[in-house]
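See below for the structure under consideration.
No lab work stands behind these numbers, since they all come straight from the coordinates. Because the structure is predicted, anything quoted here is derived from the model rather than measured. Quick reminder, even Gly has a Cβ in these numbers, built from the backbone with ideal geometry, and neighbours come from all protein chains shown.
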Amino acid sequence: MKITFLGLGNMGIAMARNLLRAGHDGTVWNRTLSKAEELRADNATVSDSVANATRGAGFVITMMSDDQAVSSAVFDAGGVLETLAPGAVHISMSTISVALSKTLAAEHGKRGQHYVAAPVFGRPEAAAAAKLFIAAAGDAAVLERCQPIFDALGQRTFVIGPQPEMANVIKLSGNFLIFSVIEALGESVALIRKYGIDPHAYIDFLTSTLFSAPVYKTYGAIIADDRYQPAGFKMRLGLKDVRLVIGAAEAVDAPMPLASLVRDNMLTAIGRGMEDLDWSSVARLAAENAGLPAKK
């Protein structure tokens, strides 16, 4: 399959590499060209522009940081919308707003192009191991065409339905649950540390009993270690996501007070210089508020 991959951040570069190693014909583009050059060893074709990367592609995947980056790649002159052939597929795997996803579906449809939303769940290590979970939505026949791509990237694909933006709702709601868990873990670990309890023993107890889900194991270990670098997902990106959740909720009059609390805590953390730490470093904020020192 002839695939163009746009966006080679912590997640994107691992995903693109897995597609190449699965035998797909891959062209890659990234704003920082040196990131794309890293994939030449995996037989990628490196492009110097979105237009050159997209022309002739059967599938274009966008995996970018935010709405602005995706919109620029798609709607700017020489972007995906202008250069993608009729019948070709744009697969958006980024965490973007519900509103932008709806707009992408409509604009691609006007040009006879296909659009699928397929955001992913998993940190960079899961992306590297091709163990992502994919929430995909769009036309059933188009999703079937995309399945070999999903198979090269993840351990399971969940088909949400025919409306692409519904996959984005699932992604945002899932991220809301993740950052709610992080907030609760951070506060709980601060509490037990104040009583002199070893956080590693505490996390082992939690994850060996009622809280054995991967999200508790992954972030519990990070918080117990007080280890927020290198960041798998930076705080500033976490703040972007919580704002997207709140925006989606406001659009349908669904109050989410916990999301507002987490947004404010992330803003506080960023104000204290944590913007480039992992988003789970809100737990360090909880510790600081409890008068606990950061671990050395």
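Listed by Cβ neighbour count within 10 Å, with the fewest neighbours leading, Phe158, Phe59 appear as Phe158, Phe59. Residue order for Thr268, Thr4, Thr32, fewest other beta carbons within 10 angstrom first, comes to Thr32, Thr268, Thr4. Taking segment 144-163 and a reference point 7 angstrom along Cα→Cβ of Ala22, the backbone N atoms nearer than 13 Å belong to 144-158.
The charge dipole of the chain, taken about the Cα centre with unit charges on the Cβ atoms of Lys, Arg (+1) and Asp, Glu (-1), comes to about 320 debye, rounded to the nearest 20. Close amide H pairs (under 5 Å, H built 1.01 Å from N) link Gln163 with Gly138, residues at least 5 positions away or on another chain.
Here's the picture: charge each Lys and Arg Cβ at +1 and each Asp and Glu Cβ at -1 in the chain, and of Leu172, Thr95, Ile203 the one pushed furthest to the positive end of that dipole is Ile203. Working note: Cα gyration tensor of segment 223-296, eigenvalues times five, square-rooted, sorted largest first, giving semi-axes of 25, 13, 9 Å. Amide H contacts under 5 Å for Thr45: Gly26, Thr27, Val28, restricted to partners 5 or more places along the chain or on a different chain, H placed in the peptide plane at 1.01 Å from N. Among the chymotrypsin sites (Phe, Trp or Tyr not before Pro) found in segment 178-245, those both in a DSSP coil and sparsely packed, with 10 or fewer other Cβ atoms within 10 Å of their Cβ, are Tyr195. Over 18 Å apart at the Cα level, from the set Lys217/Lys295; Lys102/Lys171; Lys194/Lys217; Lys131/Lys171, are Lys217/Lys295; Lys194/Lys217. When the chain is treated as a Gaussian network with alpha carbon springs shorter than 10 Å, the biggest mean-square fluctuation among Asp253, Asp276, Asp67 belongs to Asp253.
Any idea what log10 I(q)/I(0) is at q = 0.09, 0.10, 0.13 Å⁻¹ for the chain, Debye with uniform C-alpha scatterers and no solvent? Here log10 of I(q) over I(0) equals -0.46, -0.56, -0.90. Along segment 279-289 the Karplus relation, 6.51 cos²θ - 1.76 cosθ + 1.60 evaluated at θ = phi - 60°, assigns HN-Hα couplings of 4, 6, 6, 4, 5, 5, 4, 4, 5, 4, 5 Hz to successive residues, with x for each Gly and Pro. Across segment 99-112, computed HN-Hα scalar couplings (Karplus, 6.51 cos²θ - 1.76 cosθ + 1.60, θ = phi - 60°) run 4, 5, 4, 4, 5, 4, 4, 5, 5, 5, x, 4, 9, x Hz from first to last residue, x flagging Gly and Pro. Each of the peptides 12-21, 243-252 was scored by the mean count of other Cβ atoms within 10 Å over its residues; in descending order, highest first, they stand as 12-21, 243-252.
Our compactness index for segment 2-162, the C-alpha radius of gyration over the empirical 2.2 N^0.38 Å, is 0.92. Mind giving me the nanometre distance, one decimal, between the label points for Glu82 and Gln163, set 7 Å out from Cα along Cα→Cβ? Roughly 3.2 nm, to one decimal. Using only Cα atoms, find the angle between the long axis of helix 257-271 and the longest principal axis of the chain, and express it within 0 to 90 degrees, rounded to the nearest 10. The helix 257-271 is inclined about 90 degrees to the chain. Please list log₁₀ I(q)/I(0) at q = 0.10, 0.17 Å⁻¹ for segment 169-289, using the Debye equation with identical point scatterers on the alpha-carbon positions. Log10 I(q)/I(0), no solvent term: -0.29, -0.82.
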